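Below is one structure; the comments refer to it alone.
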Amino acid sequence: MEKTYKPGAIESAWYSHWESKGYFAPQGGDASYCIALPPPNVTGSLHMGHAFQQTLMDILIRFHRMNGSNTLWQGGTDHAGIATQMVVERQLEATGKSRESEGREKFIAAVWDWKNESGSTISRQSRRLGTSMDWQRERFTMDAGLYAAVQQVFIRLYQEGLIYRGKRLVNWDPVLHTAISDLEVVTEEEDGHLWHIRYPRMDGRGHVVIATTRPETLLGDAAVAVHPADTRYRDLIGDTVQLPLVDKAIPVIADEYVDPAFGTGCVKITPAHDFNDYAIGLRHDLPLINIFTADATINAQAPPPYRGLDRYAAREQIIADLKLAGLLERTAAHKLMVPRGDRSQAVIEPYLTDQWYVKIQPLAEPAIAAVKHGDIRFVPENWRKTYFDWMHNIQDWCISRQLWWGHRIPAWYDDAGNIYVGKDEQTLRAEHQLADEVKLRQDSDVLDTWFSSALWPFATLGWPEETRELDLFYPTSVLVTGFDIIFFWVARMIMFGLKFTGNVPFREVYITGLVRDAAGQKMSKSKGNILDPIDLIDGIELDSLVAKQTAGLMQPQFAPTIEKATRKAFPRGIAAFGTDALRFTFAQLATQGRDIRFDVGRIQGYRNFCNKLWNATRFILLQIESTPLASDGDLPEGEPGPAERWIMTHLAQALTATTSALASYRFDLASQALYEFTWDEYCDWYLELAKITLSAPDTSPAREQAILLTLLHSLEILLRALHPFIPFITEELWQKLIPLAGITADTIMLQPYPAADEIPQDKAAVAEITWLKSFISGVRRIRAERDIAPGKRLAVHYQGGSREERGWLENNIACIKALARVSTISRTMQIPEAAVAAHAGDMTVLIPLAELIDPPAELTRLKRQMQPLALAKRRILSKLDNSNFISKAPAAVIARERTKLDETEKSIRHLEAQIEGMKKLMYNTGL
RNA sequence: GGGUGCUUAGCUCAGUUGGGAGAGCGCCGCCCUUACAAGGCGGAAGUCGGGGGUUCGAGCCCCUCAGCACCCACCA
C-alpha cells in the first residue's frame, strides 16, 4: 500500500466499475426509497450548490440502499427555456446571425444541437462526485414522455376550466420579448427621481401637481386621482385637467388607493402601464392607452415627436419639453423599487398582452392542506410558514412564454378566433368536425419551464402510463433542494402531484442552505469568486484558476480586481483534495438550514481525515501480515481484552449516533460522530493500545488473535459506516481488507449498513479504559507542562485508589509504561518530596521531580491551579446551601452537585498537600 | 410595510424536552516515538449581542433594544 492517500488514483476506476455493473439500479427489497433529482439545466455545468445537494442526496441514497431498501435515484436534466435559448442566441450572434434570421425551425434545431453537444457535461461532472444515480433512467424535460405528460396536464386543466387565456397586464421583458411570471421579476431599490409636474386645469384656475417616477408614461395617462377624503382637492373631483404634451382633457377621479401623505396627494393614472393604475382603471372604467411597443419604445398612439423613442430617451425629451413649457415644478431625488427580469436584467414593463394562465386557487387549497396535515413534512420545519404565506396569497400563474425553446402550447386558433385545445391538429379537426377549408394555426408560445418541472416526480416514473415504477416509487421519499425554489418548483410539484396522481409527490422536503464563499458572499461569475467543485477534486494551478475566474466576464474591467483577490485567497492554487474529502466537507457543513461558507481550510482537514483512515488501514494490514491470523475463513474467537471490548462499545455508540442523525437529516452530526470515533478513539487510543499489547512478549496467543480480529472486524464495520459519505476510499480500503476477513464481495456499496445492536457493548470495559486514559493523560500533562524531555522515562508512584482501580493498573501496566513513558510504577504511603500529582479516579499519581523542577515556579503553578477549584467549590456550596434548590431541584441533580463537591474538595486537599510539600522543600533547600 | 433566520473562542460553526460552555481550523510549546509531519503529545483562549423577566437554576423559555442576512409586498 502507498504510504500516502492519493485520491486521483482510485476514484475514477471505482466509479466506472460500479456503473458498469449496474449497481446504481434498484436492487429490490421490501421497502422503497426514491429521490428525484432536481434537474439541473441541461446545458449548464456543475456548481457548488449542485455538488452540495447531490452529495447529501447520494449519502441518503447509499445509506438506504445499504439498509436493504429498493432504492432509486431518478436523475435527469431540465431544458431551461429562457436560459438555454439565450445561450444559443448569443452563439448565433457571434456568427452574425440571429434567432429571427434563422427562423423557428432552424433555431430549435440549433438548440437541440447545442443540447446534444453540451448536455453530457453536467452528468459527467456529477459522476465525478460519485453520485449513484440510475443513469439508465436519466430523463430530460423535453423528451417524448415528458411531452406527453405536459400535453395531458395542459389539456385536462383547460377542460376543467383551470387554464384560461386572458388579456391583462403582464410582466413584460422588453429585451427577451416575452412575458414572465411574478417570481421571475426581481425588484431592487435603485436611485431615481420624483418629478413634480403641473397638469393645468381646463377651467384655467391654475393647475394640479402630480408626482411621478416615470414621466414618460404620462403619454398614456387616463386620469388624475386624489383621495376622496382629501380636503385640498375635494372641489377638483369630477373636474378635468389638461394632459401636458398630449393636449387632451382627462378627468380627476377619487380613489381610496391614493395616499394623501405621499408626494402631492395627486396621482397620474396610466392604466396600461402600471399594475395599480390598471386596477383603478377597471374600477373607474378608464381607457387603456398603450404607448409602448414590445421593445418599450414609444408607439404610434403617442404624439408624433415621441414616436420611436426608447422609453428612457422619451423620458429625457418629455422632461425637457415640460421644463420648456414651465410645467415641471421640481425634481427630487428618490429611491424606488425597480423590477428587473431575473435572466435579462432588463427593466420589466407592465404590458397589455394575451397570455395563458393557470387558475391557481383550486390547486393551492389541497396543497396547503397536505402540508398542514403532515402528509408532507418540511425539514427544517420553519419553511412550512414560508410555504403557507406564499400559498395563501398566491396569484394566477402566467404560463405562456413568447420563446421558441420549450413545450409548445397545445392550442390552435381558427381565423374566427376560436380556440381549440388538444393533442394535435388532426385529433382536434376530428373532434370538432372542422372542414378542411378551416385553417388552424397553432399558438406560437411555449410553456414556462417550471410547468414541465412541476410534473417531474411522477412524469419521470412513467405517468400518465400506470407503470410499475410509479407503483413502487411514488410518492418519492424526500426532495432535497434549496429554499430559493420553494415557490418556483416545490409548491407547484405539490399542486400538480396532488391534482394528477391524487397523492403527494414526496413525503419530506429537506431544504438545504446556500453555498457561499469563505467571506459569506454569494458565488457569482461577475464577482469572480466561483469555486468549481471539480477544481477542488482535481486541484488547479493558480494561473489557471486566475484565467478561469477572469475569462468571459460581462464587465472585463473588473478582471484585475478579481485576479488580485484570487491570488490572495489561493496563493498556491488549489490542491487536489479528491471527491471523498469534498463530500465529507459538504456533510460537515450541512447544518440546519442556514447559509454555509465554504472555506478551503475545511476540505484540507477532511482530506487529512481520509489520509488518517488510509494509514490506519495500512497499519492493520501490516500487523496482520506480520502476525497472520490463526486460520483464514474460520475465525477463532480469541480472548478479547478490555480495550477490545471498549472500542467495540464506542463503535456501536458512534453507529447509533450516525444513524439517528441521518434520520433527521443532520448530516453534520452524522459525519461528526464517525469522524470523532475514527480519529479520537480508534486511531489515537485503540490502535496505540493494540500496538503495545501485540508487541508485548507475554501476550497470550488467544489475546493476540482477539486483537487482530478486533482490528479487522472494527475497521470493516467502520468502512461500511463511512461508505455513504466517502464512497471511493472506503471501497478501496474495504477491498484490501476483506480477503483477510474471509469475505468475498464485489463491492462495499451493496453490503448491509452496520447496525449498532449487532455489536456487544461492555460498560465495565468502558470504565476501565476511560480510567486508563486519564492515568496516561495525567502523566503526559505533567511531563509536557514541566518541559520534561519526551524520551525521558519517569518513575511514578501512586497512592490510594479503589481495589478496582488497582486491578486496572495491574492489567494495563505495559500500556501505561509505553504510552506515558514510565519506567516504574510503585505504591507509596507518603507523598515524596517535590512530587507532582495527577489523578485517575480515586488514585493519585505522583511523579517525584526533585531534580527536574524549579520549586518557586512550581509553587506558583500550584497556587494558580487552586483558583478555579476554590471558585467551583463556592459555586456548588451556594447551590447546596439554598433551601429552594434542595427542595425543588430533582434528586439526581442534587446528588450530582454533592458528588461534584466531594470531588472538588478532594482536589483542593490534594493541592493543599502539594503546596505544603513544595513549601517544605523550598524551606529545606534554603530557597 | 409584513415575515423569517442569525448574533457562542481569533475565524467557521455545534450545543436535541432549562441542570457541569464544545468541535474544526488558527494560535503557543515540545517531538521526525516503526500506520500517518496530510502526523503525535500537551496548552492558552468565551461576562454565550445589550437590558429586563420567569425559575432553586437560563446559551436554551418570555419581553425589549441593537446589529447582520434573507424572503415577500402594487405607495405614485
Report summary line: Note, A:Val379: beta-carbon cut-off 12 Å, +1 each Lys/Arg, -1 each Asp/Glu, net +2
Report task. Among DSSP beta bridges lying fully in chain A, give the percent that are antiparallel, nearest 5. Result -> 70
Query raised in the report: Can you give me the relative contact order of segment A:591-689 as a percent, contacts being Cα pairs under 8 Å and 6 or more apart?
Result: 34
Query raised in the report: Once the other residues with Cβ under 13 Å from the Cβ of A:Leu472 are scored (Lys, Arg +1; Asp, Glu -1), what is the net sum?
Result: -3
Requested in this report: Binning at 5 Å from 0, report for segment A:18-166 what percent of all alpha-carbon pair distances ends up in each bin.
Outcome: 2, 8, 14, 16, 14, 14, 12, 9, 6, 3, 1, 0
Requested in this report: Could you tell me what percent of the DSSP beta bridges with both partners in segment A:393-550 are antiparallel, to the nearest 5?
Outcome: 60
Query - Estimated inter-spin distance, A:Ala789 and A:Phe262, nm [label 7 Å along Cα→Cβ] - result: 8.3
Requested in this report: Can you tell me the FRET efficiency between A:Arg165 and A:Ser20 if r is taken as the Cβ-Cβ distance and R0 is 45 Å, rounded to the nearest 0.05?
Outcome: 0.35
Requested in this report: Give, in nm to one decimal, the length gained when the segment between A:Ile485 and A:Asn116 is fully stretched (0.36 nm per residue of separation minus the Cα-Cα distance).
Outcome: 130.2 nm
Query raised in the report: Sorted by average packing, counted as other Cβ atoms within 10 angstrom per residue and highest first, what order do A:439-450, A:387-398, A:691-702, A:74-85 take?
Result: A:74-85, A:439-450, A:387-398, A:691-702
Report task. Read phi for every residue in segment A:76-93 and hand back ³J(HN,Hα) as whole Hz from Karplus 6.51 cos²θ - 1.76 cosθ + 1.60, θ = phi - 60°, with x for Gly and Pro. Result -> x, 9, 10, 6, 6, x, 5, 4, 5, 4, 5, 4, 5, 4, 5, 4, 5, 4
Query raised in the report: Packing-wise, with mean Cβ within 10 Å as the measure, how do A:144-157, A:778-791 rank, highest first?
Result: A:144-157, A:778-791
Query raised in the report: Rounded to the nearest 0.05, what FRET efficiency do A:Thr95 and A:Arg124 have when you use their Cβ-Cβ distance and R0 = 25 Å?
Result: 0.40
**Report entry** Rounded tilt (10° steps) of A:579-589 against the dominant C-alpha axis of chain A
**Finding:** 80
Report summary line: Relative to chain A, whose Cα atoms define the longest principal axis, helix A:559-569 and its Cα axis are tilted in degrees, nearest 10, by 20
Report task. Only bridges with both residues in segment A:29-185 count here: give the DSSP antiparallel percent, nearest 5. Result -> 25
Report summary line: Calc'd 3J(HN,Hα), segment A:377-390, phi into Karplus 6.51 cos²θ - 1.76 cosθ + 1.60 (θ = phi - 60°), Hz, glycine/Pro = x, comes to 10, 8, 10, x, 5, 5, 5, 3, 5, 4, 4, 4, 4, 6
Report task. At most 15 other Cβ atoms within 10 Å and a DSSP loop assignment: could you name the chymotrypsin sites (Phe, Trp or Tyr not before Pro) in segment A:38-76 that fit? Result -> none
Requested in this report: Collect residues whose amide H, placed 1.01 Å from N in the peptide plane, falls under 5 Å from the amide H of A:Thr178; neighbours closer than 5 in sequence don't count.
Outcome: A:Asp173
Report summary line: Asserting the computed 222 nm helical MRE of chain A (DSSP H runs at least 4 long, -39500 (n - 2.57) per run, divided by residue count, to nearest 500) equals -14500 deg cm²/dmol
Query raised in the report: Along the Cα-to-Cβ line of A:Ala559, 7 Å from the Cα, sits a label point; which residues in segment A:72-91 have backbone N less than 11 Å from it?
Result: none
Query raised in the report: What ranking do A:Lys385, A:Lys736, A:Lys115 get, fewest neighbouring Cβ atoms within 10 angstrom at the top?
Result: A:Lys385, A:Lys736, A:Lys115
Report summary line: Dimensionless Rg/Rh of segment A:811-852, both radii on Cα and Rh by Kirkwood, sits at 0.96
Query raised in the report: In degrees between 0 and 90, to the nearest 10, how far off the longest principal axis of chain A does helix A:144-159 point, with axes built from Cα atoms?
Result: 50
Report summary line: In nanometres, the difference between 0.36 nm per residue of separation and the alpha-carbon distance of A:Glu381 and A:Thr899 is 182.5 nm
Query raised in the report: In the neighborhood of A:Arg806, defined by Cβ-to-Cβ distances under 15 Å, what is the net charge if each Lys or Arg adds +1 and each Asp or Glu adds -1?
Result: -3
Query raised in the report: If the label point is 7 Å along Cα→Cβ of A:Gln361, which residues in segment A:149-165 have backbone nitrogen under 16 Å from it?
Result: A:161-164
**Report entry** Inter-part distance where segment A:848-879 and segment A:340-413 are each reduced to a Cα centre, Å
**Finding:** 68
Query - Relative contact order of chain A, defined on C-alpha pairs under 8 angstrom at six or more residues apart (%) - result: 11
Requested in this report: Pop a pseudo-label 7 angstrom from the Cα along the beta-carbon direction at both A:Arg283 and A:Lys763 and give the gap in nm to one decimal.
Outcome: 7.4
Requested in this report: Compute the label zone of A:Ile155 within segment A:421-463: residues whose backbone N is under 15 Å from the point 7 Å along Cα-to-Cβ.
Outcome: A:421-433
Requested in this report: Assuming R0 = 56 Å, can you tell me the calculated FRET efficiency for the pair A:Glu188 and A:Lys6, based on Cβ-Cβ distance, to the nearest 0.05?
Outcome: 0.75
**Report entry** Highest to lowest packing among A:607-614, A:886-893, scored as the average C-beta count within 10 Å
**Finding:** A:607-614, A:886-893
Query - chain A - Rg over Rh from alpha carbon coordinates, Kirkwood radius - result: 1.10
Query raised in the report: So what is the relative contact order of segment A:274-349, in percent, for Cα pairs below 8 Å that sit 6 or more residues apart?
Result: 14
Report summary line: With label points set 7 Å from each Cα along the Cα-to-Cβ direction at A:Ala702 and A:Glu105, the distance between them in nm comes to 8.8
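Only the coordinates and a few stated rules stand behind these numbers; no lab work does. Note that this is a predicted model, so its numbers are computed, not measured. Note: ideal-geometry Cβ built from the backbone for every residue, glycine included; neighbour counts use all protein chains shown.
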